[in-house]
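Each remark here refers to the structure printed beneath this line.
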Amino acid sequence: MKNKIKEYQIMQENSNNSFWNQQFGRWLIYRGFVNSNDEVIELGCGDKSLYNILRQKVKKMDAYDYPKVDCEKSLEFKSNSYDVIVLQMVVEHIVNYIQLFRECKRVLRENGRLIIMTFDASKKYKGFIGDPTHVTPFCIERLKQLGIMFSMKTLFLRHFRAIPRTWKLTYKAFDIPFPTPDILAIYIKNFRKFK
């Protein structure tokens, strides 16, 4: 009986994560960070729930997870080949995150957006070190400095989550600031005419 309860709890959690990702995808479109004419790639896509919502809304959507694409190595994509790269809860698992940023910038087209969501290790350190696959801690200041280091304009950088359960009602709930240990950073390459 305990195993059945545990299975149900895991199923519920996965279902919520999946729906959260769908709402997050709707918010990215609503805010204009992802547009209908974009070619998008998600690295570290997990259950592909973000992929499933965005592929219906964009020109092209690709999604890869490890080991198909290893973010620790050079990305095997052509230079200037995507308008948007999404790294959701990925960078904290990468030792050589500088190389990953360099590769993302190479793969992005002019005015391309790099969307990163990660833990703020300064706010959720126990949660960060509690996962043995977390190797690189991030905080708002480190993400801000990475944007500067790679000459990418920061479009959006703040702690990010919706008030619990409100995101189930509307994706616009993500615009309401709420104290959270997660950070969303969105950068743009070669900022010129982005709306």
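Okay, here's what the table says:
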item	result
Members of region 50-60 found to be farther than 18 Å from TRP20 by Cβ and either aliphatic (A, V, I, L, M) or in contact with a Gly (Cβ under 8 Å, 6 or more places away or on another chain) (or both), listed by number	VAL58
Scope region 64-120; condition basic (Lys, Arg) and under 14 Å from the mean Cα position of the chain (by Cα); matching residues	ARG113
Residue within region 47-62 that is without any contact (Cβ under 8 Å) to a residue 60 or more places away in the chain, of a type in the set (Phe, Trp, Tyr) and either crowded, with 19+ Cβ neighbours inside 10 Å or in contact with a helix residue (DSSP H, G or I) (Cβ under 8 Å, 6 or more places away or on another chain) (or both) present	yes
TYR82 among the aromatic types (Phe, Trp, Tyr), surrounded by fewer than 16 Cβ atoms within 10 Å (Cβ to Cβ) and out of contact with any Phe, Trp or Tyr (no Cβ under 9 Å at 6 or more places or on another chain)	no
Test: residue in region 85-99 that is among the hydroxyl-bearing types (Ser, Thr, Tyr), surrounded by 15 or more Cβ atoms within 10 Å (Cβ to Cβ), at pLDDT 90 or above and in a loop (DSSP other than H, G, I, E, B)	no
All positions within region 143-180 that are surrounded by 18 or more Cβ atoms within 10 Å (Cβ to Cβ) and at pLDDT 80 or above	LEU143, LEU146, GLY147, MET152, LEU155, PHE160, TYR171, ALA173, PHE174
Every residue from region 59-100 that is among the aromatic types (Phe, Trp, Tyr) and farther than 13 Å from VAL135 by Cα	TYR64, TYR66, PHE77, TYR82
Test result for PHE128, crowded, with 18+ Cβ neighbours inside 10 Å, over 16 Å from the mean Cα position of the chain (by Cα) and at pLDDT 95 or above	no
Scope region 100-110; condition in contact with a Lys or Arg (Cβ under 8 Å, 6 or more places away or on another chain) and either modelled with pLDDT of 95 or more or buried (at least 19 other Cβ atoms within 10 Å of the Cβ) (or both); matching residues	LYS105, VAL107, LEU108, ARG109
Subset of region 111-120 that is buried (at least 17 other Cβ atoms within 10 Å of the Cβ) and either polar (S, T, N, Q) or at pLDDT below 95 (or both) - its residue that is farthest from TYR64 (Cα to Cα)	ASP120
Tally of residues being surrounded by fewer than 17 Cβ atoms within 10 Å (Cβ to Cβ) and touching a strand residue (DSSP E or B) at 6+ places or on another chain (Cβ under 7 Å) across region 24-46	1
Condition met for LYS123 (farther than 19 Å from ILE188 by Cα, surrounded by fewer than 17 Cβ atoms within 10 Å (Cβ to Cβ) and in contact (Cβ under 8 Å) with a residue 40 or more places away in the chain)	yes
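The values are calculated or read from the model by the stated rules, or taken from the named source; none is laboratory data. None of the values given here were measured: they were computed from a predicted structure. Don't worry about glycine lacking a Cβ; one is built from the backbone with ideal geometry, like all the others, and counts go over all protein chains shown.
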